[in-house]
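Undergrad: Input: one structure, supplied below.
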Amino acid sequence: MTVDALTDVAGLRVGHATRTGDGWLTGTTVVLAPEGGAVAAVDVRGGGPGTKETDALDPRNLVSKVEAIVLTGGSAYGLDAASGVMAWLEEQRRGVRVGADPAHVVPVVPAACVFDLGRGGAFSARPDAATGRAAVEAAAASAAGAPVQEGCVGAGTGAAVGPLKGGVGSASVVLGSGITVAALVVANAAGSAMDPETGVLYGELFQGRVDHPEAKVHEAARERLAESAVRNGRPPMNTTLAVVATDADLSKAQAQKLAGTAHDGIARAVRPVHLLNDGDTVFTLATGARPLDAVNPLALNEVLAAGADVVTRAIVRAVRAAGSVDGAGGVWPSYEELYGSG
């Protein structure tokens, strides 16, 4: 049975650490690979990225697999969360072996951050190594194939998508070949996920015909969003992050291509996208459990197309799962509060 989430890729686990209240509105999310790791790659498109260990994922470089990926709030300060994940992995003797002793490992933990500083009220309230450890421990303790908690949790706790509250979303698909492709997204974009003329989510327009909100509902929503923008009073500094995973047997070069095409999924759901104020970053993980059909030249194309599709759906789910925030750091209404579940 599938749960329409990243954890439908067998062996992957997701853990969140969430901090709210007393000036906090942030957190960290960890995607934990099966023991032994998964082939990983990355593609960065935003003009203001905050990342760690992404050079190791270049197909030309040494590291072939990673044990975990960290998505975190706190802007560049929050990248310290990866240190807590690295320490936990070392204790488990998981990482790149660098000596005869099994304890001599160096865990390579790629990480990327979103900007959410001060959204809970305190600029200094951001994830650290302890937050990262809490998130990876939550991932390790979760059951195989467990649903992924969505909305204002983990790295999506302080997320915003344009004038709306953002968060974490996930989605998956099983292809006709039996290969699973899935995504987990932290939706925190400078652009908007919503058509300003109709109130319809761009990602839902892409997925097919949708019912438009009533004119009076949309007008009330626009007024509320205008009031929120005045209260917030500062330009957006954001970033959308994604982990796209598959059980297909991909090389690092193929995984990097998947990361690149998955950005199309962001562009379908957010407009404009990949701005200077964004650090949009997509990681990929390939567990290698299912071989690609070597006879079918379109087999990889099907995986690439599916990666973009699940990213679009994950962003829609993130926006719909988010809850409103109205506090000392700003106000971001949720889409569901403005328009209902639809």
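The values are calculated or read from the model by the stated rules, or taken from the named source; none is laboratory data. Please read these numbers as outputs of a predicted model, since none were measured by experiment. Note that we place each Cβ from the backbone using ideal geometry, even for glycine, and neighbour counts take in every protein chain shown. Just so you know, the surface numbers come from the protein's heavy atoms only, side chains and all, with ligands and any DNA or RNA stripped out. Shrake-Rupley method; radii C 1.70, N 1.55, O 1.52, S 1.80 Å.
Undergrad: Sort out which residues of the stretch 55-83 are open to solvent by 30 Å² or more (accessible area, probe 1.4 Å), touching a helix residue (DSSP H, G or I) at 6+ places or on another chain (Cβ under 9 Å) and closer than 28 Å to Thr18 by Cβ, and write them in order of number.
TA: Matches in the stretch 55-83: Asp80, Ser83.
Undergrad: Can you pull out the residues in the stretch 24-40 that are buried (at least 24 other Cβ atoms within 10 Å of the Cβ) and aromatic (Phe, Trp, Tyr)?
TA: Scanning the stretch 24-40 gives no hits.
Undergrad: Just give me the residues in the stretch 84-101 being assigned to a loop (DSSP other than H, G, I, E, B), open to solvent by 60 Å² or more (accessible area, probe 1.4 Å) and of a type outside the set (S, T, N, Q), in sequence order.
TA: Kept after step one, since they are assigned to a loop (DSSP other than H, G, I, E, B), are these residues of the stretch 84-101: 92-95, 98-101.
Applying the additional criterion that residues be open to solvent by 60 Å² or more (accessible area, probe 1.4 Å) yields 92-93, 98, 100-101.
Answer for the stretch 84-101, where residues must be assigned to a loop (DSSP other than H, G, I, E, B), open to solvent by 60 Å² or more (accessible area, probe 1.4 Å) and of a type outside the set (S, T, N, Q): Arg93, Val98, Ala100, Asp101.
Undergrad: Run down Gly260, Gly279, Gly265, Gly288 and say which single residue is in a loop (DSSP other than H, G, I, E, B) and either open to solvent by less than 10 Å² (accessible area, probe 1.4 Å) or at pLDDT 95 or above (or both).
TA: Gly279
Undergrad: Quick one: what pairs do we get from the stretch 325-337, first residue of a type in the set (A, V, I, L, M), second in a loop (DSSP other than H, G, I, E, B) and surrounded by fewer than 20 Cβ atoms within 10 Å (Cβ to Cβ), C-beta under 6 Å, 6+ apart or different chains?
TA: That search, which allows pairs on different chains as well, returns Ala328/Gly121.
Undergrad: Of all residues in the stretch 144-198, which are under 24 Å from Arg234 (Cα atoms), part of a loop (DSSP other than H, G, I, E, B) and more than 17 Å from the chain's Cα centre (by Cα)?
TA: Within the stretch 144-198, Pro163, Asp195, Pro196, Glu197 qualify.
Undergrad: Run down Val109, Val105 and say which single residue is open to solvent by less than 60 Å² (accessible area, probe 1.4 Å), among the β-branched types (Val, Ile, Thr) and closer than 24 Å to Val282 by Cα. Spell out the reasoning first.
TA: Details: Val105 fails: closer than 24 Å to Val282 by Cα.
Matching residue, one of Val109, Val105: Val109.
Undergrad: Counting only residues that are in contact with a Phe, Trp or Tyr (Cβ under 7 Å, 6 or more places away or on another chain) and not in a helix (DSSP H, G or I), which one in the stretch 227-241 is farthest from Phe283 (Cα to Cα)?
TA: Residue satisfying both the conditions and the ranking: Met237.
Undergrad: Among the numbered criteria (1) crowded, with 21+ Cβ neighbours inside 10 Å; (2) more than 16 Å from the chain's Cα centre (by Cα); (3) of a type outside the set (A, V, I, L, M, F, W, C); (4) closer than 26 Å to Leu117 by Cα, which single criterion is violated by Asp43?
TA: It is condition (2) that Asp43 fails.
Undergrad: Name, by its number, the condition in (1) open to solvent by 40 Å² or more (accessible area, probe 1.4 Å); (2) over 21 Å from Pro333 (Cα atoms) that does not hold for Ala220.
TA: Failed condition: (2).
Undergrad: Considering the stretch 121-142 alone, what residues qualify as being open to solvent by less than 20 Å² (accessible area, probe 1.4 Å) and not polar (S, T, N, Q)?
TA: Ala125, Pro127, Gly132, Ala135, Val136, Ala139 - these are the residues of the stretch 121-142 that are open to solvent by less than 20 Å² (accessible area, probe 1.4 Å) and not polar (S, T, N, Q).
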